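Each remark here refers to the structure printed beneath this line.
The values are calculated or read from the model by the stated rules, or taken from the named source; none is laboratory data. Everything numeric here is computed off the predicted structure, so don't read it as measured data. Because the Cβ atoms are built from the backbone with ideal geometry, glycine has one as well, and the counts that use them run over all protein chains shown.
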Amino acid sequence: MLDDNNIFDDHSWLKNYITEVPDFPKPGVSFKDISPLLTDKNAFQYAIQKLAEKAWKSNAEVIVGIESRGFIFAAPVAFSLGVPFVPVRKKGKLPGEVHSISYDLEYGTSQLEIGSQAITENAKVMIIDDVLATGGSALAASKLVSMLGAEVIGFGFLIELEFLKARERFEAGKVESLLFY
């Protein structure tokens, strides 16, 4: 699925670097293993560059990455744009005062946290993660960013699992994905 913002972009060649692992982490789930993409310097650099372009076009002032595979993409995007990287972590992984939120994910529930002073008020934030599945973790991260008084201007994903229809849970035009399954 291509939206108006990326209709001329064809990143499908990156699928050559994504391995599908059936029945992982549980029966019926087809896990998208990004390890081959990460170990190919050209594929990895291209993915980072394209996500950074999307963040730059959105005028992102802060990049938020969701633990754990989202860090792999969000940190280099923030570095390439010269803006802060802020991690959203699983419960109990951040020191100091945090904001916390519970959310549902495709196979259970979890909790995410963000440092209470991690983002300045009114900052324009792009949230980046590896996969958009049901959207639970990205929407939870968005709520955490909003708790800090910042504005979520968009979401960037390497992979979007279209059959789960998570895009419908987000404001129109805010989700950018490179690959669709």
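The set of residues in the range 77-135 being part of a loop (DSSP other than H, G, I, E, B), within 16 Å of the chain's Cα centre (by Cα) and either at pLDDT 95 or above or not polar (S, T, N, Q) (or both) consists of 84, 106, 133, 135.
This table checks each residue for (1) within 23 Å of residue 166 (Cβ to Cβ); (2) among the small types (Gly, Ala, Ser).
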site: 59; (1), (2): no, no
site: 85; (1), (2): no, no
site: 95; (1), (2): no, no
site: 100; (1), (2): yes, yes
site: 104; (1), (2): yes, no
site: 122; (1), (2): no, no
site: 142; (1), (2): yes, yes
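Is one or more of the residues making up the range 155-173 on the phi > 0 side of the Ramachandran plot and either in a strand (DSSP E or B) or within 13 Å of the chain's Cα centre (by Cα) (or both)? No: zero hits.
Restricting attention to the range 76-90, does a residue exist that is touching a strand residue (DSSP E or B) at 6+ places or on another chain (Cβ under 7 Å), touching a residue at least 60 places away in the same chain (Cβ under 8 Å), crowded, with 20+ Cβ neighbours inside 10 Å and within 24 Å of residue 53 (Cβ to Cβ)? Checked against the condition, which is being touching a strand residue (DSSP E or B) at 6+ places or on another chain (Cβ under 7 Å), touching a residue at least 60 places away in the same chain (Cβ under 8 Å), crowded, with 20+ Cβ neighbours inside 10 Å and within 24 Å of residue 53 (Cβ to Cβ), the range 76-90 yields at least one hit. For residue 64, the requirement of being in a strand (DSSP E or B) and crowded, with 17+ Cβ neighbours inside 10 Å is met. Using the structure shown, decide if residue 120 is more than 30 Å from residue 30 (Cβ to Cβ) and surrounded by fewer than 19 Cβ atoms within 10 Å (Cβ to Cβ). Here the answer is yes, as residue 120 does meet what is asked.
Considered as a group, the residues in the range 16-55 that are part of a helix (DSSP H, G or I) and among the β-branched types (Val, Ile, Thr) include one that is surrounded by the fewest Cβ atoms within 10 Å (Cβ to Cβ), and that residue is 39.
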